[in-house]
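Structure first, commentary second.
The values are calculated or read from the model by the stated rules, or taken from the named source; none is laboratory data. Here the structure is a predicted model, which means the values were calculated and not measured. As a convention, Cβ positions derive from the backbone with ideal geometry for all residues, glycine included, and neighbour counts pool all protein chains shown. When the accessible area is computed, the model is the full protein with side chains, heavy atoms only, and any ligands, DNA or RNA have been set aside. Shrake-Rupley method; radii C 1.70, N 1.55, O 1.52, S 1.80 Å.
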Amino acid sequence: MDSATDITTKAVPAAEDTWTVAGRTFTSRLIVGTGKYKDYAQNAAAAEAAGAEIVTVALRRVNLSDPSLPMLADYVKPDRFTYLPNTAGCFTGEDAVRTLRLAREAGGWSLVKLEVLSDPKHLYPDMEETLRALKMLVAEGFDVMVYCSDDPVYARKLEDAGAAAIMPLGAPIGSGLGIQNRVGIRLIIEAAKVPVIVDAGVGTASDATIAMELGCDGVLMNTAIAEARDPVRMGRAMKHAVIAGREAYLAGRMPKKLYADPSSPLAGLI
Amino acid sequence: MTLTLNGEPRSFDGPAHLQALVSSLGLDPRKVAVERNLEIVPRSLYAATPIAEGDRIEIVHFIGGG
(Lines give C-alpha, C1' and ligand atoms only; values in the text may rest on other atoms or scores of the structure.)
Protein backbone atom coordinates (compact mmCIF):
# COMPACT_ATOMS: atom_id res chain seq x y z
CA MET A 1 0.00 0.00 0.00
CA ASP A 2 1.45 3.38 -0.91
CA SER A 3 1.73 5.96 1.78
CA ALA A 4 -0.83 8.33 0.27
CA THR A 5 -3.54 5.65 0.35
CA ASP A 6 -2.43 4.74 3.84
CA ILE A 7 -2.96 8.29 5.06
CA THR A 8 -6.32 8.51 3.38
CA THR A 9 -7.69 5.33 4.84
CA LYS A 10 -6.38 6.05 8.30
CA ALA A 11 -7.63 9.64 8.33
CA VAL A 12 -10.25 10.18 11.00
CA PRO A 13 -12.74 12.89 10.18
CA ALA A 14 -12.65 15.79 12.63
CA ALA A 15 -15.24 15.18 15.30
CA GLU A 16 -18.44 16.96 14.36
CA ASP A 17 -18.92 19.65 16.95
CA THR A 18 -22.38 20.95 16.22
CA TRP A 19 -25.12 22.66 18.20
CA THR A 20 -28.85 22.46 17.80
CA VAL A 21 -31.60 24.99 18.40
CA ALA A 22 -35.28 24.17 17.95
CA GLY A 23 -34.41 21.08 15.91
CA ARG A 24 -32.03 22.86 13.52
CA THR A 25 -28.37 21.84 13.69
CA PHE A 26 -25.51 24.23 12.94
CA THR A 27 -21.73 23.92 12.72
CA SER A 28 -20.79 27.58 13.02
CA ARG A 29 -21.09 29.01 16.51
CA LEU A 30 -20.89 32.59 15.33
CA ILE A 31 -24.15 34.39 14.58
CA VAL A 32 -23.75 37.79 12.96
CA GLY A 33 -25.97 40.81 12.62
CA THR A 34 -26.64 42.63 9.38
CA GLY A 35 -26.88 46.21 10.64
CA LYS A 36 -24.52 49.19 10.41
CA TYR A 37 -22.55 48.05 7.34
CA LYS A 38 -21.50 50.44 4.58
CA ASP A 39 -23.67 48.47 2.17
CA TYR A 40 -25.22 45.03 1.76
CA ALA A 41 -22.32 43.79 -0.40
CA GLN A 42 -19.82 44.44 2.39
CA ASN A 43 -22.27 42.91 4.83
CA ALA A 44 -22.49 39.72 2.78
CA ALA A 45 -18.71 39.50 2.42
CA ALA A 46 -18.20 39.92 6.18
CA ALA A 47 -20.83 37.30 7.04
CA GLU A 48 -19.17 34.92 4.60
CA ALA A 49 -15.71 35.59 6.08
CA ALA A 50 -17.14 34.98 9.56
CA GLY A 51 -18.34 31.57 8.41
CA ALA A 52 -21.77 32.41 9.84
CA GLU A 53 -24.76 30.18 9.14
CA ILE A 54 -27.29 32.37 10.92
CA VAL A 55 -27.74 36.13 10.47
CA THR A 56 -30.06 38.38 12.42
CA VAL A 57 -32.33 40.63 10.40
CA ALA A 58 -34.77 43.42 11.24
CA LEU A 59 -38.27 43.98 9.93
CA ARG A 60 -39.15 47.47 8.75
CA ARG A 61 -41.57 49.29 6.45
CA VAL A 62 -40.80 49.03 2.75
CA ASN A 63 -39.59 52.33 1.31
CA LEU A 64 -42.53 53.03 -1.00
CA SER A 65 -41.00 56.12 -2.54
CA ASP A 66 -38.23 54.01 -4.07
CA PRO A 67 -39.01 50.27 -4.25
CA SER A 68 -35.92 49.76 -6.43
CA LEU A 69 -33.52 50.33 -3.48
CA PRO A 70 -31.14 47.39 -2.86
CA MET A 71 -32.71 44.65 -0.73
CA LEU A 72 -30.92 42.61 1.93
CA ALA A 73 -32.12 39.32 0.46
CA ASP A 74 -30.39 40.06 -2.85
CA TYR A 75 -26.98 40.12 -1.11
CA VAL A 76 -27.24 38.16 2.13
CA LYS A 77 -29.17 35.35 0.54
CA PRO A 78 -31.74 33.42 2.55
CA ASP A 79 -30.77 30.17 0.84
CA ARG A 80 -27.21 30.57 2.18
CA PHE A 81 -27.94 32.01 5.63
CA THR A 82 -30.71 31.19 8.08
CA TYR A 83 -32.50 34.47 8.77
CA LEU A 84 -33.17 35.13 12.44
CA PRO A 85 -35.71 37.98 12.55
CA ASN A 86 -35.34 40.22 15.60
CA THR A 87 -37.58 42.63 17.45
CA ALA A 88 -34.98 45.38 17.78
CA GLY A 89 -36.64 48.67 18.58
CA CYS A 90 -39.59 47.06 20.37
CA PHE A 91 -40.30 48.31 23.88
CA THR A 92 -43.46 46.34 24.68
CA GLY A 93 -44.43 42.70 24.41
CA GLU A 94 -47.25 43.57 22.00
CA ASP A 95 -44.85 45.41 19.65
CA ALA A 96 -42.55 42.39 19.66
CA VAL A 97 -45.32 39.89 18.99
CA ARG A 98 -46.75 42.01 16.15
CA THR A 99 -43.30 42.33 14.56
CA LEU A 100 -42.56 38.61 14.73
CA ARG A 101 -45.94 37.63 13.35
CA LEU A 102 -45.12 39.78 10.31
CA ALA A 103 -41.63 38.30 10.16
CA ARG A 104 -43.07 34.81 10.13
CA GLU A 105 -45.30 35.78 7.22
CA ALA A 106 -42.43 37.49 5.36
CA GLY A 107 -40.00 34.63 5.83
CA GLY A 108 -42.18 31.60 6.36
CA TRP A 109 -40.37 30.21 9.40
CA SER A 110 -40.85 30.32 13.14
CA LEU A 111 -37.30 30.67 14.55
CA VAL A 112 -37.04 34.22 15.89
CA LYS A 113 -35.03 36.42 18.22
CA LEU A 114 -36.98 38.24 20.92
CA GLU A 115 -35.62 41.41 22.44
CA VAL A 116 -37.79 43.81 24.39
CA LEU A 117 -35.76 46.85 25.31
CA SER A 118 -36.10 49.41 28.07
CA ASP A 119 -34.00 52.57 28.13
CA PRO A 120 -32.36 53.70 24.83
CA LYS A 121 -29.32 54.80 26.83
CA HIS A 122 -28.26 51.29 27.77
CA LEU A 123 -30.67 49.08 25.75
CA TYR A 124 -30.89 46.62 28.60
CA PRO A 125 -33.73 44.16 28.11
CA ASP A 126 -36.92 44.76 30.07
CA MET A 127 -36.99 41.27 31.52
CA GLU A 128 -40.53 41.37 32.91
CA GLU A 129 -41.86 42.41 29.51
CA THR A 130 -39.54 39.96 27.72
CA LEU A 131 -40.88 37.04 29.75
CA ARG A 132 -44.48 38.12 29.05
CA ALA A 133 -43.78 38.40 25.30
CA LEU A 134 -42.03 35.03 25.30
CA LYS A 135 -45.11 33.33 26.73
CA MET A 136 -47.30 34.93 24.03
CA LEU A 137 -44.91 33.82 21.28
CA VAL A 138 -44.53 30.27 22.57
CA ALA A 139 -48.33 29.98 22.71
CA GLU A 140 -48.39 30.92 19.01
CA GLY A 141 -45.87 28.25 18.07
CA PHE A 142 -42.73 30.36 17.65
CA ASP A 143 -39.26 29.02 18.44
CA VAL A 144 -37.85 31.91 20.42
CA MET A 145 -34.21 32.76 21.07
CA VAL A 146 -34.33 35.33 23.85
CA TYR A 147 -32.00 38.29 24.39
CA CYS A 148 -31.76 38.69 28.14
CA SER A 149 -29.85 40.10 31.07
CA ASP A 150 -26.97 38.13 32.60
CA ASP A 151 -29.21 37.12 35.52
CA PRO A 152 -29.33 33.33 36.11
CA VAL A 153 -32.71 33.63 37.86
CA TYR A 154 -34.42 35.23 34.88
CA ALA A 155 -32.60 32.87 32.51
CA ARG A 156 -34.21 29.96 34.35
CA LYS A 157 -37.64 31.59 34.10
CA LEU A 158 -37.18 32.03 30.34
CA GLU A 159 -36.20 28.41 29.93
CA ASP A 160 -39.17 27.27 32.01
CA ALA A 161 -41.43 29.38 29.78
CA GLY A 162 -40.19 27.56 26.69
CA ALA A 163 -37.29 29.63 25.30
CA ALA A 164 -35.45 27.81 22.51
CA ALA A 165 -32.20 29.54 23.47
CA ILE A 166 -31.04 31.91 26.20
CA MET A 167 -29.01 34.89 24.96
CA PRO A 168 -27.49 36.90 27.81
CA LEU A 169 -25.73 40.15 26.99
CA GLY A 170 -21.97 40.38 27.48
CA ALA A 171 -22.20 44.19 27.71
CA PRO A 172 -24.64 46.84 26.41
CA ILE A 173 -25.59 46.47 22.72
CA GLY A 174 -23.10 48.17 20.44
CA SER A 175 -20.73 49.09 23.29
CA GLY A 176 -17.89 46.70 22.48
CA LEU A 177 -16.99 46.60 26.17
CA GLY A 178 -16.42 42.84 26.28
CA ILE A 179 -17.78 40.21 28.67
CA GLN A 180 -18.60 42.12 31.87
CA ASN A 181 -20.14 39.42 34.05
CA ARG A 182 -18.38 36.11 33.57
CA VAL A 183 -19.81 34.71 36.78
CA GLY A 184 -23.40 35.38 35.75
CA ILE A 185 -22.92 33.95 32.28
CA ARG A 186 -21.15 30.85 33.61
CA LEU A 187 -23.97 30.24 36.07
CA ILE A 188 -26.52 30.56 33.25
CA ILE A 189 -24.55 28.09 31.11
CA GLU A 190 -24.22 25.56 33.93
CA ALA A 191 -27.96 25.56 34.61
CA ALA A 192 -29.35 25.76 31.07
CA LYS A 193 -30.57 22.76 29.09
CA VAL A 194 -31.14 24.89 25.97
CA PRO A 195 -28.34 26.61 24.01
CA VAL A 196 -26.77 29.71 25.56
CA ILE A 197 -25.57 32.37 23.13
CA VAL A 198 -23.72 35.44 24.37
CA ASP A 199 -25.44 38.26 22.51
CA ALA A 200 -24.06 41.82 22.49
CA GLY A 201 -20.99 43.41 24.01
CA VAL A 202 -18.21 41.74 22.04
CA GLY A 203 -15.71 44.36 20.84
CA THR A 204 -12.81 42.36 19.52
CA ALA A 205 -11.68 38.80 18.93
CA SER A 206 -10.48 38.06 22.47
CA ASP A 207 -13.95 38.95 23.84
CA ALA A 208 -15.51 36.27 21.64
CA THR A 209 -12.91 33.76 22.79
CA ILE A 210 -13.60 34.57 26.45
CA ALA A 211 -17.33 34.02 25.87
CA MET A 212 -16.68 30.66 24.25
CA GLU A 213 -14.20 29.62 26.96
CA LEU A 214 -17.00 30.07 29.48
CA GLY A 215 -18.73 27.19 27.70
CA CYS A 216 -21.52 28.96 25.86
CA ASP A 217 -22.85 27.41 22.66
CA GLY A 218 -22.24 30.44 20.49
CA VAL A 219 -21.76 34.17 20.20
CA LEU A 220 -23.91 36.75 18.43
CA MET A 221 -22.36 40.02 17.33
CA ASN A 222 -22.96 42.86 14.92
CA THR A 223 -21.12 46.10 15.68
CA ALA A 224 -17.76 44.47 16.44
CA ILE A 225 -17.57 43.37 12.82
CA ALA A 226 -19.57 46.11 11.10
CA GLU A 227 -17.68 48.97 12.71
CA ALA A 228 -14.20 47.49 12.45
CA ARG A 229 -11.93 49.37 10.07
CA ASP A 230 -11.93 46.28 7.85
CA PRO A 231 -15.18 44.39 8.54
CA VAL A 232 -14.36 41.43 6.29
CA ARG A 233 -11.05 40.88 8.05
CA MET A 234 -12.70 41.24 11.46
CA GLY A 235 -15.31 38.72 10.37
CA ARG A 236 -12.52 36.28 9.70
CA ALA A 237 -10.83 37.12 13.03
CA MET A 238 -14.08 36.43 14.86
CA LYS A 239 -14.47 33.09 13.14
CA HIS A 240 -11.06 32.01 14.43
CA ALA A 241 -11.71 33.53 17.88
CA VAL A 242 -14.93 31.57 18.33
CA ILE A 243 -13.29 28.35 17.18
CA ALA A 244 -10.30 28.97 19.49
CA GLY A 245 -12.53 29.60 22.50
CA ARG A 246 -14.65 26.56 21.77
CA GLU A 247 -11.61 24.31 21.33
CA ALA A 248 -10.02 25.63 24.53
CA TYR A 249 -13.26 24.99 26.43
CA LEU A 250 -13.44 21.42 25.11
CA ALA A 251 -9.73 20.84 25.73
CA GLY A 252 -10.05 21.88 29.37
CA ARG A 253 -7.64 24.52 30.54
CA MET A 254 -4.77 23.87 32.95
CA PRO A 255 -5.35 24.78 36.57
CA LYS A 256 -4.19 28.24 37.59
CA LYS A 257 -1.28 28.20 40.04
CA LEU A 258 -0.01 30.83 42.39
CA TYR A 259 3.66 30.26 41.58
CA ALA A 260 5.85 29.36 38.63
CA ASP A 261 6.35 25.77 37.52
CA PRO A 262 9.25 25.27 35.10
CA SER A 263 8.46 23.66 31.78
CA SER A 264 11.96 22.14 31.35
CA PRO A 265 12.88 19.25 33.66
CA LEU A 266 15.20 20.09 36.54
CA ALA A 267 16.73 16.57 36.56
CA GLY A 268 19.98 16.22 34.62
CA LEU A 269 20.96 19.88 34.91
CA ILE A 270 24.68 20.35 34.23
CA MET B 1 -59.93 55.64 -2.32
CA THR B 2 -57.55 56.94 0.32
CA LEU B 3 -55.53 54.48 2.37
CA THR B 4 -53.03 54.93 5.15
CA LEU B 5 -50.07 53.12 3.71
CA ASN B 6 -47.06 52.64 5.98
CA GLY B 7 -48.32 55.52 8.07
CA GLU B 8 -48.80 57.97 5.16
CA PRO B 9 -52.07 58.89 3.43
CA ARG B 10 -52.07 57.64 -0.14
CA SER B 11 -54.72 57.48 -2.84
CA PHE B 12 -55.22 54.31 -4.85
CA ASP B 13 -57.62 53.81 -7.75
CA GLY B 14 -56.91 50.28 -8.95
CA PRO B 15 -58.96 47.14 -8.30
CA ALA B 16 -59.91 47.07 -4.63
CA HIS B 17 -57.83 44.14 -3.48
CA LEU B 18 -54.37 43.74 -1.96
CA GLN B 19 -52.83 41.97 -4.94
CA ALA B 20 -53.46 45.03 -7.11
CA LEU B 21 -52.10 47.37 -4.48
CA VAL B 22 -48.87 45.41 -3.98
CA SER B 23 -48.18 45.13 -7.69
CA SER B 24 -49.05 48.79 -8.33
CA LEU B 25 -46.30 49.67 -5.86
CA GLY B 26 -43.77 47.65 -7.83
CA LEU B 27 -43.17 45.20 -4.96
CA ASP B 28 -42.31 41.52 -5.21
CA PRO B 29 -44.98 39.80 -3.08
CA ARG B 30 -42.51 37.04 -2.17
CA LYS B 31 -40.30 39.56 -0.35
CA VAL B 32 -42.83 41.43 1.76
CA ALA B 33 -45.44 40.86 4.45
CA VAL B 34 -48.68 42.80 4.64
CA GLU B 35 -50.86 43.81 7.53
CA ARG B 36 -54.36 45.22 6.92
CA ASN B 37 -55.98 47.00 9.87
CA LEU B 38 -53.57 45.18 12.21
CA GLU B 39 -54.42 41.74 10.78
CA ILE B 40 -51.72 39.86 8.89
CA VAL B 41 -52.80 38.83 5.42
CA PRO B 42 -51.24 35.55 4.20
CA ARG B 43 -49.55 35.96 0.82
CA SER B 44 -51.87 33.42 -0.77
CA LEU B 45 -54.89 35.58 0.05
CA TYR B 46 -53.79 38.93 -1.44
CA ALA B 47 -56.09 38.64 -4.46
CA ALA B 48 -59.00 37.63 -2.26
CA THR B 49 -58.49 40.38 0.30
CA PRO B 50 -60.55 43.51 -0.37
CA ILE B 51 -59.26 46.95 0.53
CA ALA B 52 -61.54 49.83 1.39
CA GLU B 53 -61.47 53.56 2.05
CA GLY B 54 -59.60 54.36 5.25
CA ASP B 55 -57.82 51.00 5.54
CA ARG B 56 -54.51 51.04 7.39
CA ILE B 57 -52.05 48.94 5.41
CA GLU B 58 -48.51 48.12 6.51
CA ILE B 59 -46.06 46.59 4.05
CA VAL B 60 -42.78 45.41 5.58
CA HIS B 61 -39.69 43.47 4.60
CA PHE B 62 -36.38 42.30 6.05
CA ILE B 63 -33.54 44.77 6.28
CA GLY B 64 -30.15 44.68 7.96
CA GLY B 65 -30.25 44.57 11.75
CA GLY B 66 -28.40 43.25 14.78
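Descriptive notes on the structure:
- Interface residues of segment B:5-22, defined as those with an accessible-area decrease of at least 50 Å² between the chain by itself and the complete set of protein chains (probe 1.4 Å), are B:N6.
- Those aspartates and glutamates that a straight Cα-Cα span of less than 17 Å connects to A:K239, excepting residues fewer than 8 apart in one chain: A:E16, A:D17, A:E48, A:E53, A:D199, A:D207, A:E213, A:D217, A:E227, A:D230, A:E247
- Amide H contacts under 5 Å for B:I63, placed H, 5+ residues apart: A:A58, A:L59, A:R60
- Most positive-pole-ward Cα, A:L84, A:G174, A:V198, against dipole of chain A from beta carbon charges: A:G174
- In this structure segment B:2-61 gives 51 Å² per residue of accessible area when probed at 1.4 Å with all protein chains present.
- Beyond 18 Å, the tail of the calculated P(r) for segment B:2-61 holds 19 percent of the Cα pairs.
- The figure for B:E39 is an accessible area of roughly 130 square angstrom, using a 1.4 Å probe on the protein chains alone.
- Cα long-axis angle, helix A:182-191 against chain A (0 to 90 degrees, to the nearest 10): 80 degrees
- The modelled label-to-label distance for the pair B:S24/B:E53, using points 7 Å beyond Cα in the direction of Cβ, is 1.5 nm.
- Comparing the full protein assembly with the isolated chain, the residues of segment A:81-105 losing at least 10 square angstrom of accessible surface (1.4 Å probe) are A:Y83, A:N86, A:R98, A:R101, A:L102, A:E105.
- With loop membership from DSSP and a limit of 11 other Cβ atoms within 10 Å, the longest segment of chain A without trypsin sites (Lys or Arg not before Pro) is A:39-120.
- Per the Debye calculation on segment A:175-214 with a single equal scatterer at every Cα and no solvent contribution, log₁₀ I(q)/I(0) for q = 0.14, 0.35 Å⁻¹ amounts to -0.28, -1.28.
- Cα centre as origin, Lys/Arg/Asp/Glu Cβ charges: segment A:25-147 dipole, Debye: 120 debye
- All lysines inside 17 Å of A:K77 as judged from Cα atoms, apart from same-chain residues fewer than 8 positions distant: B:K31
- The A and B chains share an interface that buries close to 2500 Å² of accessible area, total over both sides, probe 1.4 Å.
- Accessible surface ranking that places the most exposed of A:H122, B:H61 first, with a 1.4 angstrom probe: A:H122, B:H61
- Cα-based reach from A:K157 at 27 Å (exclusive), listing lysines while leaving out same-chain residues under 8 positions away: A:K113, A:K121, A:K135, A:K193
- Average accessible area per residue (Å²) across chain A - probe 1.4 Å, nucleic acids and ligands excluded: 50 Å²
- Folded to 0 to 90 degrees: helix A:93-107 orientation relative to chain A principal axis, Cα: 80 degrees
- Exposure ranking of B:E8, A:E140 by accessible area [1.4 Å probe, largest first]: B:E8, A:E140
- Across B:L45, A:L258, B:L5, the residue with the most accessible area heads the list, and the full order at a 1.4 Å probe is A:L258, B:L45, B:L5.
- Of all DSSP beta bridges confined to the protein assembly as shown, the antiparallel ones make up roughly 50%.
- Counted over all Cα-Cα pairs of the protein assembly as shown, pairs farther apart than 29 Å make up 45 percent.
- Size of electric dipole in chain A: Cβ of Lys, Arg +1 and of Asp, Glu -1, about Cα centre, debye, nearest 20: 240 debye
- Residue-level accessible surface for A:V219, protein heavy atoms, 1.4 Å, Å²: 0 Å²
- Summary value for chain A: 18 percent relative contact order, contacts being C-alpha pairs under 8 angstrom separated by 6+ residues.
- Positive-pole candidate from B:N6, B:S24, B:P42, dipole of segment B:2-61, charges at beta carbon: B:P42
- Between helix A:127-139 and chain A there is an angle of about 80 degrees, using the helix long axis and the longest principal axis of the Cα atoms.
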